[in-house]
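Peer 1: Sharing a structure below in structure tokens format, with a few things to ask.
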């Protein structure tokens, strides 16, 4: 895979790319988004994706929806943003409504309960694998890795409130990396 992105996609290509992410990423959109945006469509480099995702995590709303809007807007303005968001959400909303109706009918069947436990384990594995891939551009950037580890520890280990920890760590990371990572 080349790190060089392709030329800007059309509005239709943006819609189809995010529609594919929405369909294939059911239950784990971030891994499919990364694969589609970086490896299949080559719209961004790994570094650009990591930076865009990091930025989108600080905006209100779902991370991947923010990525869709930001990326669509970057390439084609408002029409691109709308195409990306509608493409991303169309299939999953329909699928969730249909599966919700089926699940409501069969939720007490033991095999259904076991299937959902297995899906949760697979989803957790996909998330861990994608997290490692997203962090890859930080390789060799020890201050950035340290700030990532501190943020992880604050939220996952110490269980500090996300709403306070993320802005505080964003500010601290920005200051530390600006000051010492030149």
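Laboratory data are not the source of any read-out in this text; all were calculated from the coordinates shown. None of these values were measured; they are calculated from a predicted model. Because the Cβ atoms are built from the backbone with ideal geometry, glycine has one as well, and the counts that use them run over all protein chains shown.
Peer 1: Here are labelled values, (i) 18.3, 59; (ii) 17.4, 74; (iii) 36.6, 125, and one is the computed Rg and Dmax of the Cα atoms in Å for what I pasted. Which one?
Peer 2: (i)
Peer 1: Of the candidates 15, 152, 58, which one comes out as most mobile in a Gaussian network treatment of the chain with C-alpha springs shorter than 10 Å?
Peer 2: Between 15, 152, 58, it is 152 that shows the largest mean-square fluctuation.
Peer 1: A further question on this structure: For the pair residue 116 and residue 172, what calculated FRET efficiency results from E = 1/(1 + (r/R0)^6), where r is the Cβ-Cβ distance and R0 = 45 Å, to the nearest 0.05? Intermediate values should be presented prior to the final figure.
Peer 2: On the way: r = 39 Å, r/R0 = 0.86.
So the FRET efficiency works out to roughly 0.70.
Peer 1: Then there's this: Subtract the Cα-Cα distance of residue 127 and residue 157 from 0.36 nm times their separation in residues, and report this length gain in nm to one decimal.
Peer 2: Details: separation 30, 0.36 × 30 = 10.80 nm, distance 1.78 nm.
Gain on stretching residue 127 to residue 157: 9.0 nm.
Peer 1: Residues in the stretch 39-76, backbone N under 20 Å from the label point at residue 148 (7 Å along the Cα-to-beta-carbon vector): list them, ranges by number please.
Peer 2: Label zone hits: 39, 44-59, 63-64, 67.
Peer 1: With each pseudo-label sitting 7 Å past Cα toward Cβ, what's the residue 78-residue 51 distance in nm, one decimal?
Peer 2: Label-label distance for residue 78 and residue 51, simple model: 2.7 nm.
Peer 1: What does the helix-only formula give at 222 nm for the chain: each DSSP H stretch with n ≥ 4 adding -39500 (n - 2.57), the total divided by the residues, and the result rounded to the nearest 500 deg cm²/dmol?
Peer 2: Numbers: 7 runs with 131 residues, N = 182.
Using -39500 (n - 2.57) per qualifying helix, the result is -24500 deg cm²/dmol.
Peer 1: Run the paramagnetic zone check for residue 181: 7 angstrom along Cα to Cβ, then residues of the stretch 23-67 with backbone nitrogen under 16 Å.
Peer 2: Output list for this probe position: 46-58.
Peer 1: Using a Gaussian network model of the chain whose springs link C-alpha atoms within less than 10 Å, name the residue from 60, 137, 79 with the highest mean-square fluctuation.
Peer 2: Largest GNM mean-square fluctuation: 60.
Peer 1: Something else: Please build a GNM for the chain, connecting alpha carbons under 10 Å apart, and tell me which residue among 43, 142, 32 fluctuates the most.
Peer 2: Looking only at 43, 142, 32, the biggest GNM fluctuation is shown by 142.
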